[in-house]
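> This is the structure, below, for whatever I ask next.
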Protein chains: 2
Amino acid sequence: MKIIRVYINKKITNGFIELDQSQTHYVKNVMRLNIGDNFNIFNENDGEWIVELLELNKKISKVKTLKEIGFKDKPSDIWILFAPVKKLRVDFIAQKITELGARVIWPVITERTQYKSIKESKILSNAIEAAEQCGLTFIPKVNKIENLEYILDNWDHFDSERTLIFCDEKCENNPKKQLESIKKINKSNKWAILIGPEGGFSDKEREKINRIKNLSIISLGPRILRSDTAIVSSLSLFHSTIGDWV
Amino acid sequence: MKIIRVYINKKITNGFIELDQSQTHYVKNVMRLNIGDNFNIFNENDGEWIVELLELNKKISKVKTLKEIGFKDKPSDIWILFAPVKKLRVDFIAQKITELGARVIWPVITERTQYKSIKESKILSNAIEAAEQCGLTFIPKVNKIENLEYILDNWDHFDSERTLIFCDEKCENNPKKQLESIKKINKSNKWAILIGPEGGFSDKEREKINRIKNLSIISLGPRILRSDTAIVSSLSLFHSTIGDWV
């Protein structure tokens, strides 16, 4: 049987913990747990714990910790910057990034970005859902949506040592070889992937991207991928050449 | 502006072509084209053509070919065998496989497969939609859903030279290195990826998989991926080490 895991957005310590209304709804109405049942709670700071359901009221419930399980490994230090497409796709992207492992999810507005009404809280709740289902204890940080130009102009301010991996549909190299070679010269082991919108980047944006000092440009094959596919693809490539799968 | 592309499931030759009811509905009501407008039609046998809309009736319409554009490259000879999870996920999987490039999509029933009411026609229509949107002319073949045990027992009968890449969550190797080494010894350059259901494979299934002569077992990292993520990840890894992205 699959273990029920609930993300707790407050400190978990040995003893008794109150669940809030939405968590109570989840254990009561979705998972149909009863007093005395065991399940797991977790967060990124306190790890995972086995708990027992002690009280179950309409709006709040209470659990008792039984055992500390600990942490799953934190993913490699990789950020994902992407131009959001559609609501459903953004939900999906947040889930996949969490599953595959990244530290930061950063929606960016580019010149050709169509969909700008991003809710960062929705991205986060999708990331939490993926972490709950996939047995993870780490939740990526969701950055506030920002103009790509602003980010590029201030890249050195955000992190001058971080290498930007730019997935460029106009590029035709072998991405695996490219990533392997950049890995050898990157001392900081801090990375970021940039995925564009449908319609690609403008000339002005390309120019600014090319000005980034620590830059690696890779191809994602001969077929143009939708942005959600490109994110999963590039992150898989990253992890298998540089990140956690090596 | 994005080019409108319509898949035509009959022979395309220079001259006049009738569109059926669903294609007519698409150009008329979805894309809102008018008499005289140009768009593209394609299929895997006759490639892509620019056409002009000549007649537009309630149920059928007629186009005239203007120019033959030709074919996009056929993807590498890779099949994807996967245990379907949920309806929406299967739709998504069909789209992603087509985008990333594969020859055959093969849903398989394993011991722990929950979702068995697969419609192969639905998989195909999702593959066609992805090909239309991503500028491809190749549509993967969709095999009839089949028991995994039957496939494994008859693997040599289906294709004795084809190497099966088994994505095993219990495996801990470096998938990139593993694929690179198997590439050197595979003479036929024919491949298949096998992705399991949530819950994994049974011992009996594992035993049968291990009996396949041309077998490569790879890890997809330290985090357990959902099956749709695993398909996109493994196919990206394949293409970047063995397939079309090399």
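No lab work stands behind these numbers, since they all come straight from the coordinates. Remember, it's a predicted structure, so these values are computed and weren't measured experimentally. Cβ placement follows ideal geometry from the backbone for every residue including glycine, while neighbour counts extend to all protein chains displayed.
> In percent, how large is the relative contact order of region B:89-156, given Cα pairs closer than 8 Å and 6 or more residues apart?
After rounding, I find 45 percent.
> Identify the GluC sites (Glu not before Pro) of region B:164-199 meeting these criteria: DSSP loop state and at most 14 other C-beta atoms within 10 Å of the C-beta.
For GluC sites (Glu not before Pro) across region B:164-199 that sit outside H, G, I, E and B with at most 14 neighbouring Cβ atoms in 10 Å, the list reads B:Glu172.
> Sorted from shortest, what are the nm distances separating the label point of A:Ser181 from equivalent points in the other copies, each placed 7 Å from Cα along Cα to C-beta?
Values, ascending and in nm: 2.6.
> Pull out the extension gain between B:Asp156 and B:Ser121, defined as 0.36 nm times the separation in residues minus the alpha carbon to alpha carbon distance; nm, one decimal.
Extra length from B:Asp156 to B:Ser121 when fully extended: 9.9 nm.
> Just for the Cα atoms in the protein assembly as shown, what are the lengths along the principal axes, largest first, rounded to whole Å?
Taking max minus min along each principal axis of the Cα atoms, the protein assembly as shown gives 78, 59, 51 Å.
> Looking only at Cα atoms, what is the convex hull volume of chain A per residue, in Å³?
Hull volume normalised by residue count: 138 Å³.
> Place the label 7 angstrom along Cα→C-beta at B:Leu54 and in each other copy, then list the distances from the first to the rest in nm, shortest first.
8.0
> Please sort by residue number the trypsin sites (Lys or Arg not before Pro) in region B:141-246 whose DSSP state is loop and whose Cβ has at most 15 other Cβ atoms within 10 Å.
Listed in order of number, the matching sites are B:Lys144, B:Lys170, B:Lys187, B:Arg211, B:Lys213.
> Any idea how far the Cα center of region B:44-62 sits from the one of region B:1-25, in Å?
4
> Could you give the nm distance between label points at B:Leu54 and A:Cys171, where each point is 7 Å from its Cα heading toward the beta carbon?
4.7
> If every alpha-carbon in region A:5-70 counts as one equal scatterer, what log10 I(q)/I(0) does Debye give at q = 0.18, 0.29 1/Å?
-0.55, -1.44
> Where does the charge balance sit around A:Glu55 when Lys and Arg score +1, Asp and Glu -1, over other residues with C-beta under 15 Å from its C-beta?
Once positives and negatives cancel, what remains is +1.
> Among B:Lys141/B:Lys187; B:Lys116/B:Lys144; B:Lys187/B:Lys213; B:Lys86/B:Lys190; B:Lys119/B:Lys141; B:Lys28/B:Lys59, which pairs are too far apart, with a Cα-Cα distance over 18 Å?
In this structure, B:Lys141/B:Lys187; B:Lys86/B:Lys190 exceed 18 Å between Cα atoms.
> Could you work out how far the C-alpha centroid of region A:77-104 sits from that of region A:202-246, in angstrom?
13
> PRE reach from B:Lys204 (point 7 Å along Cα→Cβ): which of region B:130-172 fall under 19 Å by backbone N?
B:146-155
> What does the charge count near A:Leu152 come to, summing +1 for each Lys or Arg and -1 for each Asp or Glu among other residues with Cβ under 13 Å from its Cβ?
Overall, the nearby charge balance is -2.
> For the protein assembly as shown, give me the percentage of DSSP beta bridges that are antiparallel, rounded to the nearest 5 percent.
45
> Mind checking which of A:Asn29, B:Ile145, B:Pro107 is farthest towards the positive end of the protein assembly as shown's charge dipole, using Cβ charges of +1 (Lys, Arg) and -1 (Asp, Glu) about the Cα centre?
Farthest towards the positive pole: A:Asn29.
> Now for a different question. Provide the net charge surrounding A:Glu198, with neighbours chosen by a C-beta distance below 12 Å and charges set as Lys +1, Arg +1, Asp -1, Glu -1.
Net charge around A:Glu198: +3.
> Of the residues A:Ile12, A:Ile123, A:Ile93, which exhibits the maximal mean-square fluctuation in a Gaussian network model of chain A defined by a 10 Å Cα contact cut-off?
Comparing A:Ile12, A:Ile123, A:Ile93 in a Gaussian network model of chain A, the most mobile one is A:Ile12.
> Distances from B:Ile35 to the same position in the other copies: list them in nm, one decimal, shortest first, using label points 7 Å from Cα along Cα→Cβ.
Those label-point separations list as 7.7 nm.
> Select from region B:51-83 those trypsin sites (Lys or Arg not before Pro) which occupy a DSSP coil region and have at most 14 other Cβ atoms within 10 Å, ordered by residue number.
Hits after loop and neighbour filter: B:Lys58, B:Lys59.
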